[in-house]
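Following: one structure in structure tokens, then a few remarks.
The values are calculated or read from the model by the stated rules, or taken from the named source; none is laboratory data. Predicted model only: the values in this text are computed from it and were never measured. Methodologically, a virtual Cβ is constructed for each residue, glycine included, from the backbone with ideal geometry; neighbour enumeration extends over all protein chains shown. Note: accessible area is taken over every heavy atom of the protein model, side chains too, but ligands, DNA and RNA are not part of it. Shrake-Rupley method; radii C 1.70, N 1.55, O 1.52, S 1.80 Å.
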Amino acid sequence: MFAAGLGGVVIGTAFAWNSAAARLTRTFGNDYAANRESDDSGWYVDAVACYFLGTTVGGLILGPVTRYIGYRWSVVGCDVVVFIGWLWLSQVNWAPVWASRLAHGVGTGGLELLIPTYIAHITDFRIRGRALVFHHAFVCFGVFYAHAFSAIVTNAQLTGLCMVCPALHIFISIFMPESPLYVYKCLGDSEDAKAAMRRVKGEDYDIDSVYAELERYVFEFECMIGDNRSHLTRRIVDIGARLVVLQQTCGASATMFHAKSVIGGFGLTTAIVGYSDERVYGNTQTIITIVFAVQVLLCLTTVELVEFLGRKFMLIVSAISMGTCLASLMLYQSFYPITDICTSSIESNEWHKYVHIILVCMYLCSYSIGWGPVVPLIHAEVVYFDKWFSSLIYAGGQFVLFLVAYTFFDANAPLSFNKYIMYTYIASCAISVAFVHFCLPETRALPLDRVLDPHRTDNNCVDTRN
């Protein structure tokens, strides 16, 4: 669990830095960025494109790479790419910053897909949900860690603090056991697979029964032929694709990435809006740090609720809560437009002008009880990772996130933070509730080989193995 948590911190710190936990200034060797502070949307939007295109590429190539080198060395490889990205940030010219964003994207994109799948393969089905949500809590902690330290250290020091995480994770991952599923299916060695299970579960665990379940999991899919196999494949792709697309079109991930711009744009006790005013930056930084700290606590609460109440319940509650916050924000804007905040200072008796910020923060926190941590969990449970469609589904979701994030920030873009994008997010939340209720199987407390039982057809397979 320590390795899974540390992997989450690696992902979270890279996400936070690329979402401007550190401001790019002359002191960090980025003259080009400093000279364009008044035109923030130009370089910033391009940086967003670089990072999220990297996560798309990382997810897309991870499947084929893992089939050749295994889960353990794939994790090490992704960590190395992230570490190289941090090393590039120690340079003083502009080019490595762009390259580092791409490296961070490729590395974290691979880790975001690989670690939940690895956890699903090695943990008992009774605690699988807790383990995966625990991992996501550390992703949120990584974001909190970067934002909190950015307020008290220089950008170069922040880079050094973040660089420690992938370096330590590389060392730990080298000694991690390989996934038993990979050893059995790709290497075809039953004894090595059992040895990997013993390393994970302990010498006294009933390895034979676990190994029998693994054989059944692989056999029941591989023996399918014709329409039966096509039906299950379509079902898996349909569930996985709609799940990751709805996760990104609800807008919370893009909003978290642009949190400083969204919250800072509300004014926050000053008549001057923008990063040039230190009061705006300081207040914004404080609010964002608090929000991500609350997200960590909510994820830790969800660790227990996801097994007690189920995956579907948490997703539905999360979607309803996000949609309600956004609808309330739109209603409130009709009485107190955001432009009123941006063009005038907020006096102590005008507390109502903070309601916008409170609703946005509640919207982001609602994401952390369902669509943030639970979607990777269900994706790891439902989608067969070693198939061609697993990486494609994840990469498709990251590309949707790139589209949403790229068009979200730029004030001149057609999908900037206005009523049209709000309508889109609210509609996505409503569709999510219907999809989860009617189409998504409940995977709580089910072994991997039984997750899609209600959606299987008769295989008519005869097990002829000795």
(message) With the structure loaded, tell me whether Phe134 is closer than 20 Å to Val306 by Cα, touching a residue at least 40 places away in the same chain (Cβ under 8 Å) and not acidic (Asp, Glu) or whether it fails that test.
(response) yes
(request) Can you tell me which residue within the range 120-131, out of those that are surrounded by fewer than 24 Cβ atoms within 10 Å (Cβ to Cβ) and of a type in the set (A, V, I, L, M), is modelled with the highest pLDDT? (result) Ala131
(message) Looking only at the range 187-199, filter to residues that are modelled with pLDDT of 75 or more and open to solvent by less than 60 Å² (accessible area, probe 1.4 Å); which one of those is farthest from Ile119 (Cα to Cα)?
(response) Ser190
(request) State all residues of the range 316-341 that are in a helix (DSSP H, G or I), modelled with pLDDT under 70 and either loosely packed, with under 14 Cβ neighbours inside 10 Å or touching a Lys or Arg at 6+ places or on another chain (Cβ under 7 Å) (or both); if no residue qualifies, say none. (result) Thr339, Ile341
(message) Can you go through Tyr363, Tyr406 and tell me which one is open to solvent by 40 Å² or more (accessible area, probe 1.4 Å), of a type outside the set (A, V, I, L, M, F, W, C), in a helix (DSSP H, G or I) and modelled with pLDDT of 70 or more?
(response) Tyr406
(message) Regarding the range 172-188, can at least one residue be identified that is of a type in the set (Ser, Thr, Tyr), over 30 Å from Leu298 (Cα atoms), part of a helix (DSSP H, G or I) and more than 21 Å from the chain's Cα centre (by Cα)?
(response) yes
(request) Assess whether Ile358 counts as being modelled with pLDDT of 90 or more, open to solvent by 20 Å² or more (accessible area, probe 1.4 Å), among the hydrophobic types (A, V, I, L, M, F, W, C) and part of a helix (DSSP H, G or I). (result) no
(request) Output the residues belonging to the range 294-318 that are closer than 19 Å to Cys140 by Cβ and hydrophobic (A, V, I, L, M, F, W, C). (result) Val294, Val296, Leu297, Leu298, Cys299, Leu300, Val303, Leu305, Val306, Met314, Leu315, Val317
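Are any of the residues in the range 140-149 more than 23 Å from the chain's Cα centre (by Cα) and without any contact (Cβ under 8 Å) to a residue 60 or more places away in the chain?
no
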(message) Looking only at residues that are open to solvent by 60 Å² or more (accessible area, probe 1.4 Å) and in a helix (DSSP H, G or I) in the range 145-168, which one is nearest to Ile84 (Cα to Cα)?
(response) Val164
